[in-house]
Amino acid sequence: MLMQKLTQAAECIKKKIAVRPEIALILGTGLGSFAELLEDAVTVPYSEIPGFPVSTAPYHKGQLVAGRLGGKPVVVLQGRVHYYEGYSMQEIAFPVWVLKLLGVTTLFVTNAVGAINLDYRVGDLMMISDHIKFFNDTPLRGENIDEFGPRFFDMSKAYTPALRELARKKAEALSIPLKEGVYAYMSGPNYETPAEIRMLRTLGADAVGMSTVPEVLAAVHGGMRVFGLSFCTNMAAGIEKEIQHLDFTKVAVDHFKALICAMIAEI
Ligand code: HPA
C-alpha cells in the first residue's frame with residue numbers, strides 16, 4: 001500500500017521534471033532561497049504530488065524544484081513537515097522514499113538548531129557528525145520495504161564520512177567557519193527546558209532541533225549518502241536569560257550556498 005503510494009508520487013514527479021537527479025536537498029527553515037540557484041528550474045507544488053505531506057510551518061514553501069546546479073541535475077525540496085505538526089513518522093519520511101524511487105543517491109539536509117555546546121555562537125554553521133533520537137517512534141516501524149534496505153541497518157556512518165571530509169576541505173578553501181557536532185532530535189513544538197539541555201549536553205549533544213532525523217533514517221535505510229548542515233538560530237534553553245531566535249543572516253545563507261555548491265561540484 002505504502003509502496004503503491006510512493007510509486008504514484010514518483011511517477012507524477014517524473015512526468016513533470018526533465019532531469020533525473022542523483023542529488024537532492026531538503027531545505028529547512030530560512031534556506032528556501034537556495035532553490036533560486038537552480039538553472040532550468042521546474043517547480044512542482046507538493047499539493048500536486050499525490051500523497052506528499054504539505055507543511056504548515058512558517059517559511060516552508062512546500063514545493064519541489066528540479067533543475068541543474070553547476071550542470072548537475074539536482075532536486076530540491078523547499079520545505080518539510082515536522083512531527084509536531086501532527087504528521088506520522090512515515091508521512092515525514094514519505095518524500096525521502098519518493099526521492100529514492102527517483103534515483104537519488106545523495107541527500108543534503110539542512111535545518112535550524114539551538115546551540116548546546118558552549119563554544120558555539122548564534123549564527124554558527126554546524127555539520128552534523130551524528131545524532132541522538134529521543135523518542136521511540138521511527139519511520140521504519142512496520143513492515144520492512146526490502147527493495148529499499150534491510151530490516152536492521154547500520155547507523156554508525158549515517159552522516160557519510162567522505163562528505164564530511166569534503167565539507168571540511170571546501171569550508172577551509174572558502175574560509176567558511178564550520179563546526180562539527182552531534183544533533184539531538186526533540187519532538188517540539190516547545191523549546192526544551194534548561195534541565196533537558198543540561199542532560200543533552202551531558203550525553204554529548206552539541207545542538208538540538210525538531211526535524212531531520214526521520215528523513216535521515218529513511219535515507220540511510222535506503223542506502224543514500226547523507227550530509228546534514230545546521231544553522232544555530234539561538235543558544236539552547238538555560239544558557240542565556242531567554243531564547244532569542246535569530247533569523248538566518250545573509251552571511252550564513254551565503255556560506256550555506258557556497259559550501260553546498262562547492263561540494264556538489266565535486267560529487
Ligand atoms: N530547540 C529545538 N529546536 C530548535 C531550537 C531549539 O533551541 N532552535 C531552533 N530549532
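The values are calculated or read from the model by the stated rules, or taken from the named source; none is laboratory data. Just so it is clear, the structure is predicted and the values come from calculations on it, not from any experiment. For neighbour counting, all protein chains shown are included, and Cβ atoms are generated from backbone atoms with ideal geometry for every residue, glycine included. Side chains included, ligands, DNA and RNA excluded: accessible areas come from the protein's heavy atoms. Shrake-Rupley method; radii C 1.70, N 1.55, O 1.52, S 1.80 Å.
Is it the case that segment 231-242 has a residue that's at pLDDT below 95, open to solvent by less than 60 Å² (accessible area, probe 1.4 Å), within 10 Å of the ligand (Cβ to nearest atom) and over 17 Å from ARG121 (Cβ atoms)?
No, that holds for no residue.
Within segment 129-151, identify whether any single residue is surrounded by fewer than 16 Cβ atoms within 10 Å (Cβ to Cβ), modelled with pLDDT of 95 or more, closer than 21 Å to LEU246 by Cβ and within 16 Å of the ligand (Cβ to nearest atom), and answer yes or no.
The answer is no, given that none of the residues of segment 129-151 is surrounded by fewer than 16 Cβ atoms within 10 Å (Cβ to Cβ), modelled with pLDDT of 95 or more, closer than 21 Å to LEU246 by Cβ and within 16 Å of the ligand (Cβ to nearest atom).
Yes/no per residue for (1) closer than 23 Å to ASP154 by Cβ; (2) β-branched (Val, Ile, Thr); (3) not in a helix (DSSP H, G or I):
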position	(1), (2), (3)
VAL208	no, yes, yes
GLY238	no, no, yes
PHE256	no, no, no
LEU259	no, no, no
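What's the number of the condition TYR87 fails, among (1) part of a helix (DSSP H, G or I); (2) surrounded by fewer than 22 Cβ atoms within 10 Å (Cβ to Cβ); (3) aromatic (Phe, Trp, Tyr)?
Condition (1) is where TYR87 drops out.
Would you call VAL81 within 16 Å of the ligand (Cβ to nearest atom), modelled with pLDDT under 95 and closer than 28 Å to ILE267 by Cβ?
yes
Name every residue in segment 197-218 that is open to solvent by 10 Å² or more (accessible area, probe 1.4 Å), more than 30 Å from THR105 (Cα to Cα) and either within 13 Å of the ligand (Cβ to nearest atom) or free of Cβ contacts under 8 Å to residues at least 24 places away in the same chain (or both), in order of residue number.
MET199, ARG201, THR202
Please find, among ALA66, ALA24, ALA35, the residue that is within 21 Å of PHE256 (Cα to Cα), touching a Pro at 6+ places or on another chain (Cβ under 8 Å) and in contact (Cβ under 8 Å) with a residue 40 or more places away in the chain.
Every option except ALA66 fails the conditions.
Of everything in segment 142-169, what is under 20 Å from the mean Cα position of the chain (by Cα), farther than 14 Å from MET126 by Cα and basic (Lys, Arg)? Give them in sequence order.
LYS157
Only one of these conditions is not met by HIS221: (1) buried (at least 19 other Cβ atoms within 10 Å of the Cβ); (2) within 16 Å of the ligand (Cβ to nearest atom). Which number is it?
Of everything listed in (1) buried (at least 19 other Cβ atoms within 10 Å of the Cβ); (2) within 16 Å of the ligand (Cβ to nearest atom), HIS221 misses just condition (2).
When you look at ILE26, is it part of a helix (DSSP H, G or I), within 19 Å of SER187 (Cα to Cα) and open to solvent by less than 20 Å² (accessible area, probe 1.4 Å), yes or no?
No: the conditions fail for ILE26.
Among VAL42, VAL54, which is surrounded by fewer than 19 Cβ atoms within 10 Å (Cβ to Cβ) and part of a loop (DSSP other than H, G, I, E, B)?
VAL54
Taking segment 57-78, which residues are surrounded by 18 or more Cβ atoms within 10 Å (Cβ to Cβ) and either out of contact with any strand residue (DSSP E or B) (no Cβ under 7 Å at 6 or more places or on another chain) or within 19 Å of GLU11 (Cβ to Cβ) (or both)?
Answer for segment 57-78, where residues must be surrounded by 18 or more Cβ atoms within 10 Å (Cβ to Cβ) and either out of contact with any strand residue (DSSP E or B) (no Cβ under 7 Å at 6 or more places or on another chain) or within 19 Å of GLU11 (Cβ to Cβ) (or both): HIS60, GLN63, LEU64, VAL65, ALA66, LEU69, PRO73, VAL75, LEU77.
Look at segment 164-196 and say how many of its residues are more than 11 Å from the ligand (Cβ to nearest atom), within 27 Å of LEU259 (Cβ to Cβ), open to solvent by less than 70 Å² (accessible area, probe 1.4 Å) and outside any strand (DSSP E or B).
7
Output the residue which, of all residues in segment 60-84 that are in a loop (DSSP other than H, G, I, E, B) and among the charged types (D, E, K, R), is nearest to SER187 (Cα to Cα).
The extreme case among them is ARG80.
Within segment 152-163, restricting attention to residues that are open to solvent by less than 80 Å² (accessible area, probe 1.4 Å) and either modelled with pLDDT under 95 or within 30 Å of GLU85 (Cα to Cα) (or both), which residue is farthest from the ligand (Cβ to nearest atom)?
PHE153
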